[in-house]
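Below is one structure, written out as structure tokens; comments come after it.
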Amino acid sequence: MRHPFIPSLLVALLPSLATAAEETAKKDLTIIELLSKGGWVMTALVALSIFTLILVFLYFLTLRRSTVVTNKFMNNAEAMIRKRDYLGLIAYCHRRNESVARVTQKTLDFLTKNPTASRPEIREIAEAEASRQSGILSQRISYLADIGGIAPMIGLLGTVIGMIKSFMEIANGNIEGTKQLELAEGVWEALVTTAAGLVISIIAMTFYSFFRGRVQNHIAELEAAGTHILALIGGQITEEHADSQASHEVYRPAGMSE
């Protein structure tokens with residue numbers, strides 16, 4: 001027995017089946033296909049994300065304690081200071097890459113050129129160079145903070161451009177039939193750039209917070225090492241002044257009058 005309503009039912013369901021198949025295809029978009037919906041703004045965001053990954057990789061390699069202070073340098077510097085071999089220590093600092101070596105070199109350069117300089121003057125020179133080295137460390141990671149602020153703005157720009165295009169279609173009256181679906185698609189495509197910008201910003205700011213803590217620890221170690229070097233130099237200066245005063249004292253035998 002035939003059922004004439006079955007073919008009719010199939011015909012009625014065909015549009016729904018086609019729509020369901022289309023929705024399934026849209027849900028199966030890959031990440032690359034999804035990102036490609038963002039246009040040229042997404043290209044800029046992808047480039048920014050690659051730059052962020054490069055910075056993170058470089059910071060993991062370069063932001064280490066060995067770039068700020070090492071036990072080898074501190075031991076050799078202390079030995080040379082106790083021997084009062086300032087010129088030898090300056091030459092040694094030239095061969096080293098630690099930040100504390102730059103502080104020591106700057107301090108000794110000033111001391112050798114100004115032998116009569118007071119301890120406050122020497123301390124001022126050392127603190128100024130230590131502050132400069134600390135600023136260099138902080139400046140290096142500031143690029144991640146900049147990316148964290150710029151990426152959402154670029155993503156928002158892409159969204160605004162997409163929304164402008166969508167509203168232009170509405171203003172032109174092109175919202176009939178399939179145009180409505182295209183309009184909705186244009187809106188979510190525009191929002192993709194904002195989402196991508198936020199993702200990049202979150203990643204950049206997370207690593208910025210991590211490296212900022214590491215830099216602060218390095219700066220604290222630099223200050224401690226610089227203070228130790230300065231104390232050694234100050235102690236040697238005090239001994240030199242004491243020896244100089246002793247050598248200029250006039251010996252008078254007992255009972256001798258003026």
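Each value in this text was obtained by applying a stated rule to the coordinates, not by laboratory testing. Everything numeric in this text was worked out from a predicted model, so none of it was measured. Because the Cβ atoms are built from the backbone with ideal geometry, glycine has one as well, and the counts that use them run over all protein chains shown.
With 0.36 nm allotted per residue and the present C-alpha distance subtracted, the Ser209-Leu157 stretch has 16.1 nm of extension available. Taking 7 Å steps out from each Cα toward its Cβ at Leu58 and Ala117 produces label points 3.3 nm apart. Using the Cβ-Cβ distance between Arg84 and Glu221 with R0 = 22 Å, the FRET efficiency computed as 1/(1 + (r/R0)^6) comes to roughly 0.25. Going by neighbour counts of Cβ atoms within 10 Å, the residues Ser166, Ser99 line up, fewest first, as Ser166, Ser99.
Counting 0.36 nm for each residue step from Leu198 to Arg132 and taking away their Cα separation leaves a gain of 20.4 nm. Sorting Val41, Val199 by the number of Cβ atoms found within 10 Å of their own Cβ, with the fewest placed first, yields Val199, Val41. The simple spin-label model puts a point 7 Å past each Cα toward its Cβ; for Ile164 and Ala91 those points are separated by 6.6 nm.
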